[in-house]
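Presented below is the structure to which this report refers.
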Amino acid sequence: MTKSSIVKSLSEVIKERHSVRKYDPNFSIPKEEIEDILKEAVLAPSSSNLQPWRFIVIQDQEEKKELKKIAFNQEQVETASAVIAILGDKEMFKSIEKVYQSAFEAGFLDETRRDLLIKSANNLYPNAPEELRKEIAIFDAGLVSMQIMLIAKDRGYDTVPMGGFNKEQFARKYNVPERYFPIILLPIGKAAAPAHKTTRLPLEDLLIEYI
Ligand SMILES: Cc1cc2nc3c(=O)[nH]c(=O)nc-3n(C[C@H](O)[C@H](O)[C@H](O)COP(=O)(O)O)c2cc1C
């Protein structure tokens, strides 16, 4: 299915998104459409625009079946059209030059500003403790993941974010280089049954104070 011609507001898309765990196993999403979704999703903000997210897209039926085994046999891994694994880049500083050079070439930065940004990012990120770099990557991966879920919903698909999988086994199975680490799996597909409805804590519980 291509992008629906029924235009929904962002608010409707947000309210309609819920975690779907039953998918039509015969429905497939073309690779091109997954790429369109990812291209939009990566417009998410990230720390210093270093975009420390990476993706592994698992579409092959047998591979999904295998992946299910390391995701505690959660059915949606096998029946969704694809599973997008979101990985973090703990060496995001390796992208510094490319990111700012690209903004320079696009005419968004002059040479002086480009060099200044490269210098300050190079002072900061490579010297930051690995734990902090992982924290940054996890946060930014959360932002891109949310975008994927909303873009998918807007296109008539459903998703479920999944932290329930063995990350070490995943990294081994897909030969993930040491630089990257798996964060979340996002099955995406055509719903075969609606999501279980969920509620949220009342705002009074969440809003600590106005200052
Ligand atoms: C980080 C994270 C990990 C999650 N892991 C799983 C999971 O392994 N399996 C699953 O079925 N749902 C998982 N969920 C989905 C949550 O249960 C769900 O988002 C929550 O109950 C709210 O429901 P809703 O998404 O339908 O609004 C996860 C959600 C998040 C944000």
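Bear in mind that the values in this text are calculations on the coordinates, not laboratory data. Because the structure is predicted, anything quoted here is derived from the model rather than measured. All Cβ positions, even for glycine, are placed from backbone atoms using ideal geometry, and neighbour counts span all protein chains on display.
Quick notes on this one:
- For the chain, the longest principal axis of the alpha carbon atoms and the long axis of helix 96-105 meet at an angle near 80°.
- Links that overshoot a 19 Å alpha carbon limit, given the list K31/K98; K69/K90; K31/K190; K39/K64; K64/K90: K31/K98; K69/K90; K39/K64; K64/K90
- Spatial separation of Cα centroids for the stretch 34-98 and the stretch 134-211, in angstrom: 10 Å
- Computed from point charges on the beta carbon alone (+1 for Lys and Arg, -1 for Asp and Glu), the dipole magnitude for the chain about its Cα centre is near 440 Debye.
- Neighbour counts of other Cβ atoms within 10 Å put E33, E168 in the fewest-to-most order E168, E33.
- Under 5 Å between amide hydrogens, built in the peptide plane, is the criterion, and for A82 it picks out I188 among residues at least 5 positions away or on other chains.
- One chain, two ends: V42 and L201. Fully extended at 0.36 nm per residue, the span grows by 54.3 nm beyond their Cα-Cα distance.
- Stretchable slack from F139 to E35, in nm (0.36 nm times residue separation minus alpha-carbon distance): 35.2 nm
- Relative contact order (percent, whole number), the chain, Cα cutoff 8 Å, 6+ residue spacing: 36 percent
- Among S102, V20, S145 - extreme Cα towards positive end, dipole of the stretch 10-194, charges at beta-carbon: V20
- Here the average projected area of the convex hull drawn through the C-alpha atoms of the chain stands at 15.0 nm².
- Gained length - V7 relative to Q101, 0.36 nm times residue gap less alpha-carbon distance: 30.2 nm
- Remark: the stretch 1-50 is approximated by an ellipsoid whose semi-axes, taken from the C-alpha gyration tensor as √(5λ), come to 23, 17, 13 Å, largest first.
- FRET efficiency, 1/(1 + (r/R0)^6) with R0 41 Å, evaluated for M146 and D115 via beta carbons: 0.80
- Stokes-Einstein D in µm²/s, Kirkwood radius over Cα pairs - the stretch 17-102 at 37 °C with 0.692 mPa s viscosity: 221 µm²/s
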